[in-house]
Amino acid sequence: MKVSGIGINNTVNLSFERRLTDKEQYDYRYNAIQPAFDYLGTEEVSMILHGTCFPESENDIGVGSPYGRAAAKLLPFEILHGFNSNQLGPVGVIRDAQSISPYKSTIETKNYLFLDFNELTTPEYANILSEEDLEFASQKTYSNGKNYSYSTFADAFANYQYCIKIANDNFKQKIKEGEPDAIALNKEFTAFKKEKGNILKTEALFDILSKMYGTKEFAKWDDLDRNLITRLREKDPIAIERYQKIVTRSKDDFETYLLGQFLVNKQVKDNTELRKNLNFKYISDLLVGFSASDEWANQDLFLKDYRMGCPHGGKYGPQLWDIPVLDPNKLFVGEHDLGPAGKYLKQKLEACLNDFDNTRIDHALGLIDPYIYDKNSVEIVNEKVNKDKFKGNNISNMPEVDPYGSFKQVLNRIIIPTLEEHGINKNYPVWEDLCATTPVFNDIYHAKNNLPGITQLEWMRAEESQDEHDWGLVGSHDSDPALKMIKKDWVRNGDSWNIFYLAGFLNSNPKRAQYRDSFCKNIADNDSERVKAKFAELFLTCKKIQISFADFFGIDKTYNKGGEENNMNWKLRLNKDYEDSYYKNLASEHPTAINLPEVLKIAVQAKSDMNVVSKAHKLKLSDNDIPANNDENVQQILGNAIVLFRYECSIKFFGIGFQSLKIVKL
């Protein structure tokens with residue numbers, strides 16, 4: 001794709017005393033970045049950005065939201081810089097500020113902290129919240145001189161409860177007074193409750209009981225409440241009476257839970273429509289685990305004493321995740337039908353796909369050959385699990401637990417068919433296969449289904465990618481940002497970050513040997529340059545790519561330290577000045593943010609080298625006869641990248657923004 005007025009030898013003079021015109025924005029996105037993507041074969045570029053990590057907003061309650069106004073503003077910025085999707089984490093309910101991992105959230109209900117209360121001050125939401133009440137509850141956000149912020153979960157829960165109770169009272173009053181907007185909103189609410197009623201009431205009930213007992217550990221509750229849902233299904237009159245008493249006594253809490261779910265689901269629908277118009281995708285996350293409320297409401301579907309974990313890498317030896325395990329004997333009925341546990345697992349995946357465009361399959365091993373342990377056998381002696389007492393293994397090695405090998409059938413009888421029902425090819429999801437594999441897993445996952453996985457360059461070389469459908473990334477949500485990662489000796493001195501490997505892999509044309517040597521020295525002496533080379537390696541070899549928000553924005557903090565408990569996990573987020581911070585970072589003397597055109601320039605040149613060398617070898621040419629120059633198409637792409645890189649670095653330095661971005665479909 002040729003760009004008029006922008007090339008390697010004829011640059012345009014851009015004025016930085018005004019906003020970029022639509023044409024300049026178009027040139028940056030579609031005439032510099034897109035031709036490089038096309039040449040490299042890049043199909044997907046996704047930013048790893050969990051819901052609470054979204055930017056601070058006007059009238060912020062303490063955490064980010066992938067559905068509100070701040071998200072709507074962020075998406076065009078991401079699109080401008082080449083992203084076409086966000087990898088979210090699980091988006092279910094988390095219930096308190098001490099248990100904020102999204103990987104222990106609910107299946108069917110949405111995280112109500114994602115509700116953008118700004119919308120409740122508008123006629124579409126019947127103005128059920130005043131601007132004054134919202135302003136009072138909001139967290140004040142300030143420019144802190146840093147390029148990041150942190151979620152404040154305790155305040156977020158308190159602010160949410162304050163606002164939702166006022167909104168509920170106002171809503172009921174407006175309905176009583178016959179206000180047309182409130183009547184229309186209530187009509188939607190009634191339809192929502194009819195569709196989701198039983199699920200919502202169960203979750204609301206658990207919410208009330210967990211607060212009443214002061215714990216989500218329902219095993220510590222009284223027998224009646226511990227088994228309330230089971231007894232309600234059996235139409236036990238004592239259970240019915242107990243339910244009615246709880247609901248009546250906690251009427252406001254019950255109502256606000258249902259209303260909050262309705263409102264956040266309404267905003268999810270609006271966001272889905274927005275993303276559809278922008279051609280931008282959200283990738284959900286099929287967490288391997290289940291929440292406490294999921295287990296409480298479906299106790300008969302889970303093994304009584306077994307929990308899921310990982311055989312190594314934990315504080316005490318094995319990782320003790322304390323995740324409930326579906327009863328393998330209830331997964332299937334005969335050769336063709338699903339049992340109650342199988343239907344529940346299918347329902348879980350369905351919920352994960354609704355209002356999303358793709359999904360990440362968390363811990364794929366857990367769907368095929370999970371590592372499980374008897375929770376009653378856990379005894380910690382001298383900071384280690386007592387192996388003499390501990391009972392744990394992969395389920396394929398425990399015929400007494402799974403006598404018919406039911407877990408071996410989950411992939412082909414539940415997961416893949418459900419994906420196909422939603423029009424998702426089995427090769428499209430982000431299959432998280434970075435786990436301790438077993439012979440059973442390798443047979444089903446790789447040999448029989450030939451599924452892709454993740455190429456994680458933190459410890460891999462991209463040339464070792466197992467499948468062309470792999471999603472590639474340098475670091476995940478559990479990784480340090482790359483510039484922090486490289487400070488570790490095992491990374492810096494590892495094969496995957498080796499300077500001679502990277503220099504040779506990215507500069508394979510022998511006629512460019514002198515440049516290769518200078519490149520090698522440069523990445524040896526400069527961590528930022530080596531990180532840049534690592535991302536170039538990523539784009540060179542992977543068609544589907546994920547980049548963590550910390551890496552892209554150059555944030556030197558870690559979102560989650562995998563396998564480690566600390567009070568900063570899951571709290572990192574973008575600040576309100578993320579756009580200014582990003583451009584100022586690029587324009588600084590020592591930038592840490594990713595400048596995509598600069599990375600793509602290295603990757604495009606590397607692919608050109610590989611193509612030239614490959615063609616020469618096919619023609620049986622000697623190294624001396626290999627052409628030194630790029631072809632015209634490659635030279636044009638490189639020219640565009642260089643020029644646009646220069647003005648990108650200058651844009652925010654001169655105080656110019658991209659807020660006027662319009663999406664132009666080719």
The helix 527-541 Cα axis meets the longest alpha-carbon principal axis of the chain at an angle in degrees, between 0 and 90 and rounded to 10, of 80 degrees
Any residue on another chain or 5+ positions along whose placed amide H is under 5 Å from the amide H of F302 is listed here as D327
Two pseudo-spin positions, 7 Å from Cα along C-beta at E132 and at N425, lie apart in nanometres by 5.8 nm
Phi-derived 3J(HN,Hα) across segment 335-349 with the Karplus relation (6.51, -1.76, 1.60, θ = phi - 60°), rounded Hz, x for Gly and Pro, is 8, 10, 10, 8, x, x, 6, x, 5, 5, 5, 4, 4, 4, 5
1/(1 + (r/R0)^6) with r = Cβ-Cβ of E43 and E335, R0 = 41 Å, i.e. FRET efficiency to nearest 0.05, evaluates to 0.65
On the formula 1/(1 + (r/R0)^6), with r taken between the Cβ atoms of L621 and D517 and R0 of 22 Å, the FRET efficiency rounded to 0.05 is 0.45
For the chain, longest principal axis from Cα atoms; helix 513-525 axis from its Cα atoms; angle between them, nearest 10 degrees, is 40 degrees
In whole Hz, the Karplus estimates of ³J(HN,Hα) for segment 111-127 (6.51, -1.76, 1.60; θ = phi - 60°; x where Gly or Pro) are 5, 5, 5, 7, 5, 8, 5, 4, 5, 6, 8, 10, x, 4, 10, 6, 6
Note: segment 35-100, point scatterers on Cα, Debye, no solvent; log10 I/I(0) at q = 0.12 Å⁻¹ equals -0.40
By the mean-Cβ-within-10 Å protection proxy, highest first, 504-515, 184-195 rank as 504-515, 184-195
Asserting the computed 222 nm helical MRE of the chain (DSSP H runs at least 4 long, -39500 (n - 2.57) per run, divided by residue count, to nearest 500) equals -12500 deg cm²/dmol
Computed over the chain, protein heavy atoms only, probe 1.4 angstrom, the accessible area per residue in square angstrom equals 44 Å²
Of every hundred units of 1.4 Å-probe accessible area on the chain, the number belonging to carbon and sulfur atoms, as a percent, is 49 percent
Taking 0.36 nm per residue of separation between E241 and D270 and subtracting their Cα-Cα distance, the length gained on full extension comes to 6.5 nm
Ratio for segment 84-201, C-alpha Rg to 2.2 N^0.38 Å, reads 1.22
Length gained, Y316-E58, 0.36 nm per residue minus C-alpha separation, equals 88.5 nm
With the convex hull built on the alpha-carbon atoms of segment 262-324, volume per residue in Å³ sits at 148 Å³
Share (percent) of C-alpha pair distances in segment 96-136 greater than 15 Å works out to 56 percent
Its Cα gyration tensor gives segment 434-592 an equivalent ellipsoid whose semi-axes in whole Å, largest first, are 27, 24, 14
Shape call for segment 316-390, from the Cα gyration tensor axes a ≥ b ≥ c (a/c under 1.5 means rounded, otherwise prolate when a/b beats b/c, else oblate), comes out oblate
Both in Å, the radius of gyration and Dmax of the C-alpha trace of segment 391-438 are 13.6, 41
Taking only the alpha-carbon atoms of segment 140-241, the convex hull volume per residue, in cubic angstrom, is 190 Å³
Cα-based Rg then Dmax for segment 65-139, in Å, read 14.9, 39
Between D322 and residues 5 or more places away or on another chain, the pairs with built amide H atoms under 5 Å apart involve M308
Compactness check, segment 317-456: C-alpha Rg relative to the 2.2 N^0.38 Å globular estimate gives 1.12
Full extension between H446 and N144 adds, at 0.36 nm per residue less the Cα distance, a length in nm of 103.9 nm
Mean Cβ-within-10 Å packing, highest first, puts peptides 403-414, 380-391 in the order 403-414, 380-391
Helix 180-213 sits off the longest principal axis of the Cα atoms of the chain, rounded to the nearest 10 on a 0 to 90 degree scale, by 80 degrees
note: the chain, Cα-Cα separations exceeding 33 Å make up a percent value of 52 percent
Highest mean packing first, using Cβ neighbours within 10 angstrom, the peptides 481-493, 261-273, 211-223 sort as 261-273, 481-493, 211-223
Under 5 Å from the placed amide H of K576, counting only residues 5+ away or on other chains, we find E56
FRET efficiency for A158 and T215 from the Cβ-Cβ distance with R0 = 25 Å, rounded to 0.05, comes out at 0.85
Taking Cα pairs closer than 8 Å and at least 6 residues apart, the relative contact order of the chain in percent is 19 percent
PRE zone check, label point 7 Å out along Cα-to-Cβ of E195, amide N under 12 Å, scope segment 103-127, hits none
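The values are calculated or read from the model by the stated rules, or taken from the named source; none is laboratory data. Given the structure is predicted, the values throughout are model-derived calculations rather than measurements. Note that each Cβ is placed from the backbone with ideal geometry, even for glycine, and that neighbours are counted across all protein chains shown. In case anyone asks, the SASA skips ligands and DNA or RNA and just uses the protein heavy atoms, side chains included. Shrake-Rupley method; radii C 1.70, N 1.55, O 1.52, S 1.80 Å.
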